[in-house]
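All remarks here apply to the structure that follows.
The values are calculated or read from the model by the stated rules, or taken from the named source; none is laboratory data. For clarity, every value in this text was computed on a predicted model and none was experimentally measured. Using ideal geometry, Cβ is built from the backbone for each residue, glycine included, and neighbour counts are taken over all protein chains shown.
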Amino acid sequence: MAQIMLWEAIQRAHDEEMARDPLVICMGEDIGVAGGTYKATKGLYEKYGPLRVMDTPISEGGFTGLGIGASFLGIRPIIEIMSVNFAWLAMDQMFNSAAKIRYMSGGQLQAPCVFRSAGGAAHQLGAQHSARMEKVFMGIAGLRVVTPSNPKQAYGLLKSAIRCDDPVFINEHELMYNMKGEVPDAEYFMPLEGSEIARSGTDVTLFGYNISAHWCLKAAEILDKQYNISAEVVDLYSLSPLDRAGIKQSVSKTHRVVIAEEDEAPVGVGSEVIAIINEECFFELDAAPVRVHSALVPQPYNHTLEKAAIPDHEDVVKAVLKLFGKA
Amino acid sequence: MKIEDKKRVLREMVLHRRFEERCYQAYIERKIGGFLHLYPGQEACCNGVMEAARPGHDYVITGYRDHVHAIKCGSDPKEVMAELYGKETGSSKGRGGSMHIFDAANRFMGGYALVGGPFPLAAGIAKAIQLKGGDEIAICFLGDAANNQGVFHETLNMAALWNLPVLFVCENNRYGIGTSIERSTAVVHQHKRVAAYNIEASECDGQDIEVVYEHARQAVDHVRSGKGPFFLELMTYRYRGHSMSDSRGYRTREEEELWKQRDPLFILRDRLIEAKEMTMADYEAIEKETDAYIENEVIKFAEESPEPRVEDLEKYVFADRESQKPWLTGNAA
Ligand SMILES: Cc1ncc(C[n+]2csc(CCOP(=O)(O)OP(=O)(O)O)c2C)c(N)n1
Ligand SMILES: [Mg+2]
């Protein structure tokens, strides 16, 4: 098993699938000759040529729609949107065309395409380059949403997303492309549905995904060492659909819940998880669930303000301590 | 056009006209719900272009004014009407409605309700054709007002850049709902707008099917022979309101009358009568037969077809689960 960086894992998934199936193509801004903003498509242009590795104009609505149209005829495009902040311009096509086509055609057409996009607050990128937008994609019928927290997931989720006949949005994080992790040498497919217990525990469940899964893991470590609290970390790598059974199972075991997300709170992953708990296992709760999330502000540029707006593992620890009456 | 083709197409256009007029009536009777956009006045556009293309072989995509385009591609009028009635036997199994007729078997890639939405989809279909190496072309029929969407320009740029086999047909009926083209668009003649993208274009009368056909032939040949995209602008007029709730206060009755004197059906009919290829009585017989067919078969089929089952409400949101299991729940390979 090799230790590789997350961008390398994504690149490997592209490469394997493009080598296997000539109908798999990729497209996006700067992905070809330039090798990709985050190197996720490095070397593919040289290997597969401009017809299958398409450097697109800066026309998010246009090239996303173009990829979707091609997918109606069986092409499997992997459409990279440079930053999730730019995905607003492509949402009409993603939602109105890709997500609805199977339904409104009575099952005649499908849009087997993959949208990949980098989101999240990096370092002082300001209001228009720091958005987390998973909440926007999660509520759309006909669209699957997954979000990797490590290279193994990034590789396996992309592999499955390319093969799946439904449109899949993959939410990546700008700060995580250089993160290292083990990826199996053998071909591997990560299920597009479900969740993963990243750390087993008994006293409290910490729900996280993508970058917040790492805050949860770090917080669990601290809680264990310094406070003798055993935290279970559940990685919600599938945001749509959310894993109702997995959520229920963990809550029924620990009876306490903290949900960590980099997104703002309203209409977000946290609210959705709490709603699921209410519906599935409300009486298992020993305390009201707590959300850890960003402030509801356009992301500030100033370093101190930015830090104040975005939570981290310390906020998760604080939330747990409060839950146990220790803060 | 050959004389036999002209006669056949006239018969088809009568069907298209009477089908739409019958939809109007069914809407008033509340058999059809939602938005309903009718095509009378513009028949020579779709028919002229598709006579020059290969229906059922070439891929066609359009907006919400889509019934006639589907039928011309080979859809059974019964299934189109059943769709308008929301029935399980409809083109889209009652899930789509008037604005979302689909017929994948006949390569009618659908009607879409977001103005301009089909532009990039058409280019994508052309991209797929290019990758697969077929001799099909993609044909995108949209209105004049759709050209004011950003994706129009984005798509033209990409289509030219990548030399995609796509024909854009602009049915310029001078209005986007109630706003005349002069009041919405700085350039009335739409073909001028594509020159900036190095795309070949032409404009012609959209009421005379023979004129449309001749221009469309050149356009289709251009695209099919690998010379890249083409933009064909057809000057036309819709006789009815934009949709059913339209009192046409934005245009004069005189203007409507002028265009009705250039009715695409009558232009072709009168030409055939003048050439002694048919008589007025023949034409009236076609109308009668068509009405009888619509009533006895099309409407009857729609009326008698079953509704979709409520148990199937969530069918078609995602691909069939069984077939996707390896990717959804793991255990692949
Ligand atoms: C994105 C979007 N904006 C607005 C509308 C409402 N709308 C429906 S049709 C239409 C006019 C379009 O006119 P045109 O493209 O000329 O086509 P026509 O109806 O004349 O055939 C408008 C504004 C819509 N459906 N989609
Ligand atoms: Mg118009």
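Scanning region A:303-313 for residues that are surrounded by fewer than 16 Cβ atoms within 10 Å (Cβ to Cβ) and touching a residue at least 60 places away in the same chain (Cβ under 8 Å) returns a single hit, A:His303.
Could you tell me whether B:Gly116 is modelled with pLDDT of 95 or more, closer than 18 Å to B:Phe231 by Cβ and within 13 Å of ligand 2 (Cβ to nearest atom)? In short, yes. Quick one: which helices (runs of 4 or more DSSP H) lie wholly within region B:104-186 and hold at least 3 residues that are closer than 22 Å to A:Ile78 by Cβ, without any contact (Cβ under 8 Å) to a residue 60 or more places away in the chain and more than 10 Å from ligand 1 (Cβ to nearest atom)? Once the helices (runs of 4 or more DSSP H) in region B:104-186 are filtered for at least 3 residues that are closer than 22 Å to A:Ile78 by Cβ, without any contact (Cβ under 8 Å) to a residue 60 or more places away in the chain and more than 10 Å from ligand 1 (Cβ to nearest atom), what remains is B:118-132, B:150-161. Of all the numbered requirements in (1) hydroxyl-bearing (Ser, Thr, Tyr); (2) under 23 Å from B:Val9 (Cα atoms); (3) within 8 Å of chain A (Cβ to nearest Cβ), B:Ser75 misses one, and that requirement is (3). Based on this model, can you work out whether B:Ser202 counts as more than 21 Å from B:Gly110 (Cβ to Cβ), in contact (Cβ under 8 Å) with a residue 12 or more places away in the chain, away from chain A (no Cβ under 13 Å) and away from ligand 2 (no atom under 16 Å from the Cβ)? When the stated conditions are applied, B:Ser202 passes them. Across region B:225-232, not a single residue is classified as within 16 Å of ligand 2 (Cβ to nearest atom) and within 30 Å of B:Ile32 (Cα to Cα). I'd like to check something: does region B:133-140 contain any residue that is closer than 27 Å to B:Arg253 by Cβ and within 16 Å of ligand 2 (Cβ to nearest atom)? Taking every residue of region B:133-140 in turn, none turns out to be closer than 27 Å to B:Arg253 by Cβ and within 16 Å of ligand 2 (Cβ to nearest atom).
For region A:1-12, which residues satisfy the criterion of being buried (at least 17 other Cβ atoms within 10 Å of the Cβ) and part of a strand (DSSP E or B)? Once the filter is applied, which keeps residues that are buried (at least 17 other Cβ atoms within 10 Å of the Cβ) and part of a strand (DSSP E or B), region A:1-12 yields A:Ile4, A:Met5.
Residue-by-condition table, conditions (1) in contact with a Phe, Trp or Tyr (Cβ under 8 Å, 6 or more places away or on another chain); (2) buried (at least 24 other Cβ atoms within 10 Å of the Cβ):
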site	(1), (2)
A:Met82	no, no
A:Asp92	no, no
A:Asn96	yes, no
A:Ile101	yes, yes
A:Gln108	yes, no
A:Gly120	no, yes
A:Gln128	no, no
A:Arg132	no, yes
A:Ile140	yes, no
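Return the total of residues in region A:20-56 being out of contact with any Gly (no Cβ under 7 Å at 6 or more places or on another chain), within 14 Å of chain B (Cβ to nearest Cβ) and touching a residue at least 12 places away in the same chain (Cβ under 8 Å). Within region A:20-56, residues that are out of contact with any Gly (no Cβ under 7 Å at 6 or more places or on another chain), within 14 Å of chain B (Cβ to nearest Cβ) and touching a residue at least 12 places away in the same chain (Cβ under 8 Å) number 11. With respect to the conditions (1) in contact (Cβ under 8 Å) with a residue 60 or more places away in the chain; (2) farther than 21 Å from B:Ala138 by Cα; (3) within 8 Å of another protein chain (Cβ to nearest Cβ), B:Lys87 lacks only one, and its number is (3). Suppose the filter is farther than 29 Å from A:Thr254 by Cβ and either within 15 Å of the chain's Cα centre (by Cα) or assigned to a helix (DSSP H, G or I) (or both); does A:Leu125 pass it? In short, no. With respect to being away from ligand 2 (no atom under 12 Å from the Cβ), more than 9 Å from chain A (Cβ to nearest Cβ) and small (Gly, Ala, Ser), B:Gly94 falls outside the description. In contact with a Ser or Thr (Cβ under 6 Å, 6 or more places away or on another chain), closer than 20 Å to B:Gly86 by Cα and surrounded by 13 or more Cβ atoms within 10 Å (Cβ to Cβ), is that true of B:Ser305? When the stated conditions are applied, B:Ser305 passes them.
Checked against (1) within 16 Å of ligand 2 (Cβ to nearest atom); (2) modelled with pLDDT of 95 or more, B:Val188 passes all but condition (2).
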